[in-house]
């Protein structure tokens, strides 16, 4: 359950919330940094402030300095990589540039599942393992959850990146926040719609069960809490925006929304900005903690944190794509020595631009994030990503929400939630635009629903490719 158990928190729990929230300043600013190593945290913060303005070449030199010891450690102490290097006759001395990472084969989720114990470093004692192994799992939104370990020694980096993200959006670290999140509710089987986390100055609202009769309560929570920013999946906030506009509700606004865990679609962004008068910052990260990318106030793409790891874009053959070409996202994290992931295929698709953002930062931009590989439609050797489909949805006024499900190579099922004023002409217009994009031979099956089900963890899947999922089983 999401409850802190420290001495300060245990004592402070005797006090009402209006007392505990001010204590959150102390917890966020002092207690938490000391827990993860105050000097390391402070120094990394200073480093982030300076290095974000470095040139691409200087950042790559820094990455080389981080990769060398990681590779030496993996090849010497991690059985999976030790065996791989022997087979390939490869040593860390053969690694002289970022490009040389291509010598390593890709690591997939199936590889992690099938070689779990072989990916854990042997030079970490049992005593160290208890202190350093942070057990985690992916959400399994594609039907394949994966368990792994993160390294607790590097918690200060995650906290530093959180602080940097807030500064980029013009926020302070200790600003009050509403977190749209499902994990604590699903993990502990809680019936509540929300949890208070006063020491993080946070209100957590469940996205696990999205029902229309809850929306009035959600709005009451927003009004009473008055967050400086909101973070969570855009589909949830989009539905809340639709409810606000349908009911003519007033007085719901906050400065910043961090969109995360799902692909931010164009109609999501437009409705949320219009309804809540907030600035949206898109965020990309993974539960594996290998990559972080954040939009700045110029909104030209998401800045990839090269200080955290290497991000590559590869084509279907596993070779590096040219700049601006779409491909699979491959990540190598610097900060997990207990279970290193080298050239890990995260399951998403996107493009990278090394053109310097107008903000002046030297960090490259992750652009045109197209979602997961299982969230692409495949017809007649043509791949359609969710972004293209979202443009069609946005153009049909009386469709509130929809979901595309490719059952077979020729059958497309579309789940639709209607708006008030929906007429048959809207269906004809919608199908016409879909066939205009994909081709007239595609068979379309429509299913009208009151709401579209989320995953167990509360995620909305805009596109589901059943045929691709069956291939991956």
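The values are calculated or read from the model by the stated rules, or taken from the named source; none is laboratory data. Every value quoted in this text rests on a predicted model; they were computed, and no experiment measured them. When we count neighbours, we look across all protein chains shown, and the Cβ atoms used for this are built from the backbone with ideal geometry, even at glycine.
Residue count for segment 63-96 under the criterion of being surrounded by fewer than 16 Cβ atoms within 10 Å (Cβ to Cβ) and either assigned to a helix (DSSP H, G or I) or in the same structural domain as residue 306 (by TED's automatic domain parsing) (or both): the result is 14.
Applying the selection to segment 289-328, what residues are part of a strand (DSSP E or B) and under 19 Å from residue 66 (Cβ atoms)? Matches in segment 289-328: 292, 293, 303, 304, 309, 310, 311, 312.
Among the conditions (1) crowded, with 22+ Cβ neighbours inside 10 Å; (2) free of Cβ contacts under 8 Å to residues at least 60 places away in the same chain, the only one that residue 225 does not satisfy is (1).
Annotation: residue 140 fulfils all but one of (1) modelled with pLDDT under 90; (2) at positive phi; (3) over 20 Å from the mean Cα position of the chain (by Cα); the unmet one is (3).
Within segment 243-276, being in contact (Cβ under 8 Å) with a residue 60 or more places away in the chain, closer than 24 Å to residue 403 by Cβ and surrounded by fewer than 17 Cβ atoms within 10 Å (Cβ to Cβ) holds for 246, 266, 270.
Out of all the residues in segment 217-226, is one or more in contact with a strand residue (DSSP E or B) (Cβ under 8 Å, 6 or more places away or on another chain) and more than 19 Å from residue 276 (Cβ to Cβ)? Quick ask: steps written out before the conclusion?
Here is the first cut: in segment 217-226, the residues in contact with a strand residue (DSSP E or B) (Cβ under 8 Å, 6 or more places away or on another chain) are 218, 221-222, 225.
So of that shortlist, the ones also more than 19 Å from residue 276 (Cβ to Cβ) come out as none.
No; the residues of segment 217-226 include none that is in contact with a strand residue (DSSP E or B) (Cβ under 8 Å, 6 or more places away or on another chain) and more than 19 Å from residue 276 (Cβ to Cβ).
For segment 317-349, a tally of residues being more than 20 Å from residue 60 (Cα to Cα) and touching a residue at least 12 places away in the same chain (Cβ under 8 Å) returns 13.
Residue by residue, here is whether (1) touching a residue at least 40 places away in the same chain (Cβ under 8 Å); (2) touching a helix residue (DSSP H, G or I) at 6+ places or on another chain (Cβ under 7 Å); (3) surrounded by fewer than 19 Cβ atoms within 10 Å (Cβ to Cβ); (4) assigned by TED's automatic domain parsing to the domain that holds residue 272 holds:
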site	(1), (2), (3), (4)
398	no, yes, yes, no
404	yes, yes, no, no
409	yes, yes, yes, no
414	no, no, no, no
417	no, no, yes, no
423	no, no, yes, no
429	no, no, yes, no
435	no, no, yes, no
442	yes, yes, yes, no
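With a requirement of 1 or more residues that are under 17 Å from residue 309 (Cβ atoms), the helices (runs of 4 or more DSSP H) lying completely within segment 97-204 that satisfy it span 109-114, 155-168. Only residues that are out of contact with any helix residue (DSSP H, G or I) (no Cβ under 8 Å at 6 or more places or on another chain) and buried (at least 17 other Cβ atoms within 10 Å of the Cβ) were counted across segment 281-294, and they come to 8. Within segment 165-175, is even one residue surrounded by 13 or more Cβ atoms within 10 Å (Cβ to Cβ) and farther than 30 Å from residue 43 by Cα? Scanning segment 165-175, I find no residue that is surrounded by 13 or more Cβ atoms within 10 Å (Cβ to Cβ) and farther than 30 Å from residue 43 by Cα, so the answer is no.
Which residue, of 159, 109, is touching a residue at least 12 places away in the same chain (Cβ under 8 Å), in the same structural domain as residue 339 (by TED's automatic domain parsing) and either buried (at least 18 other Cβ atoms within 10 Å of the Cβ) or closer than 16 Å to residue 290 by Cβ (or both)?
Of 159, 109, the one residue that is touching a residue at least 12 places away in the same chain (Cβ under 8 Å), in the same structural domain as residue 339 (by TED's automatic domain parsing) and either buried (at least 18 other Cβ atoms within 10 Å of the Cβ) or closer than 16 Å to residue 290 by Cβ (or both) is 159.
Taking the residues in segment 442-461 that are at pLDDT below 85 and in contact with a strand residue (DSSP E or B) (Cβ under 7 Å, 6 or more places away or on another chain) as candidates, determine which candidate is farthest from residue 108 (Cα to Cα). The residue in question is 442.
Residue-wise test of (1) outside the structural domain of residue 286 (by TED's automatic domain parsing); (2) under 28 Å from residue 50 (Cβ atoms); (3) at pLDDT below 95.
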site: 304; (1), (2), (3): no, yes, no
site: 311; (1), (2), (3): no, yes, no
site: 318; (1), (2), (3): no, no, yes
site: 323; (1), (2), (3): no, yes, yes
site: 327; (1), (2), (3): no, no, yes
site: 339; (1), (2), (3): no, no, no
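Anything in segment 205-255 that is part of a strand (DSSP E or B) and modelled with pLDDT under 95? List them, or say none. Within segment 205-255, 205, 206, 232 qualify.
Hey, any hits in segment 160-171 for a residue that's modelled with pLDDT of 80 or more and more than 27 Å from residue 276 (Cβ to Cβ)? Looking for residues that are modelled with pLDDT of 80 or more and more than 27 Å from residue 276 (Cβ to Cβ), one finds at least one in segment 160-171, hence yes.
With respect to the conditions (1) farther than 18 Å from residue 289 by Cβ; (2) touching a residue at least 40 places away in the same chain (Cβ under 8 Å); (3) crowded, with 17+ Cβ neighbours inside 10 Å, residue 123 falls short on a single one, namely (3).
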